[in-house]
Amino acid sequence: MQNAQTDNGTVKPVMDPAVRLFVESARGSLFPPLADLPAGRLRATINAALLSHDIVGYVPEPVFRVERATYTDVPVRVYFPSTPPQSVVVYFHGGGFVAGSLDTHDKTTRRVANGAGAVVVSVDYRLSPEYPFPFPFEDARTATREAARRYPHLPLIVMGDSAGGALAACVAQWARDTGLVELAGQVLAYPVIDFDLGTRSMLDYGTDYLLTRDDLALYRHHYLDGTEGARYALPGSLTDLSGLAPAAVTVAGFDPLHDEGVRYARRLSDAGVPVELIENDDLIHGWLEVADTFPAAAAARDRLVVAVRRLSTVFR
């Protein structure tokens, strides 16, 4: 991680050089403006961008076994690690609640399975705008409860990136409120917390870093669809965070969502929840999907996998 000091003494992050080259080459091509696209093309465009670096030469990391299943009515893909499992991780992919898939996050779920020694249940939740809140949350909750039923003797962790991080955090809130599921932890990678378009990081990094402020406004519109403030719609709306599962929150320095992720981690800590905040000052939003391409992102992913393993160990 690199940082530079400005004339007034403040510390400013410096982007990893390889990531900067990627951003400059991808801007406007892999990630064109999305606001005017119809839902189907919007989803196809985002998914193509997420998969673009896999078109040539992608070899899936071997795991012990991969199974397709249906948890109640929710399609899932289950990854079994190459070593005896130490935990179960229910994973919710990112994509702004409108895109992403089991395939776009296949690399991440395989790495978590092997690196954390976890059975990873990757959830194919319904997407907006066809299925706005509460449908994605209901699928996330259902899959988590079924995973708990199927693997009762293993610590259970919810995990997600971006929009999936929001779902993981909301499922953790639901688990605390209902007592229907006991969680060992929640792992939130550059999560959507409030869709707050007015933070400093949103203003500083919401234009030229692939994920834009306009994109996030569009995702918020499609997902919430008039349900702003509803319980479990977004994790930041909950007032009382006490008693939630221990958390690991990782953020990226050049991410419009940086500040709301940090703010949520601090709110968890203030509420007495054990929380590990992992700062990746030199990276952009979505670095998990390019972790096999950039050493800095690979190192960040390794730190996150260690956090997953640590949560399962503490629970035991």
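Assorted remarks:
- Hits in segment 195-238 - residues which are acidic (Asp, Glu), at pLDDT below 95 and assigned to a loop (DSSP other than H, G, I, E, B): Asp208, Asp225, Glu228
- Annotation note: of Ala69, Ala49, Ala44, the sole residue that is on the phi < 0 side of the Ramachandran plot and at pLDDT 95 or above is Ala69.
- Those residues of segment 163-179 which are more than 12 Å from Gly243 (Cα to Cα) and small (Gly, Ala, Ser), in sequence order: Ala163, Gly164, Gly165, Ala166, Ala168, Ala169
- Qualifying positions in segment 180-201 - polar (S, T, N, Q) and within 23 Å of Arg150 (Cα to Cα): Gln186
- When restricted to residues that are modelled with pLDDT under 95 and of a type in the set (A, V, I, L, M, F, W, C), segment 300-316 contains 2.
- Where Val63 falls short, out of the listed (1) more than 21 Å from Gly253 (Cβ to Cβ); (2) β-branched (Val, Ile, Thr); (3) out of contact with any Pro (no Cβ under 9 Å at 6 or more places or on another chain); (4) modelled with pLDDT of 75 or more: (3)
- For segment 222-235, the criterion of a residue being within 20 Å of Ala140 (Cα to Cα) and aromatic (Phe, Trp, Tyr) is satisfied by at least one position.
- Segment 297-316 residues that are under 18 Å from Gln186 (Cβ atoms), paired with ones that are among the basic types (Lys, Arg) (beta carbon under 7 Å, 6 or more apart): Arg301/Arg111; Val305/Arg111
- Helices (runs of 4 or more DSSP H) wholly inside segment 80-186 containing at least 2 residues that are within 15 Å of the chain's Cα centre (by Cα) and farther than 18 Å from Arg68 by Cα: 135-150, 163-178
The values are calculated or read from the model by the stated rules, or taken from the named source; none is laboratory data. Because the structure is predicted, anything quoted here is derived from the model rather than measured. Note that each Cβ is placed from the backbone with ideal geometry, even for glycine, and that neighbours are counted across all protein chains shown.
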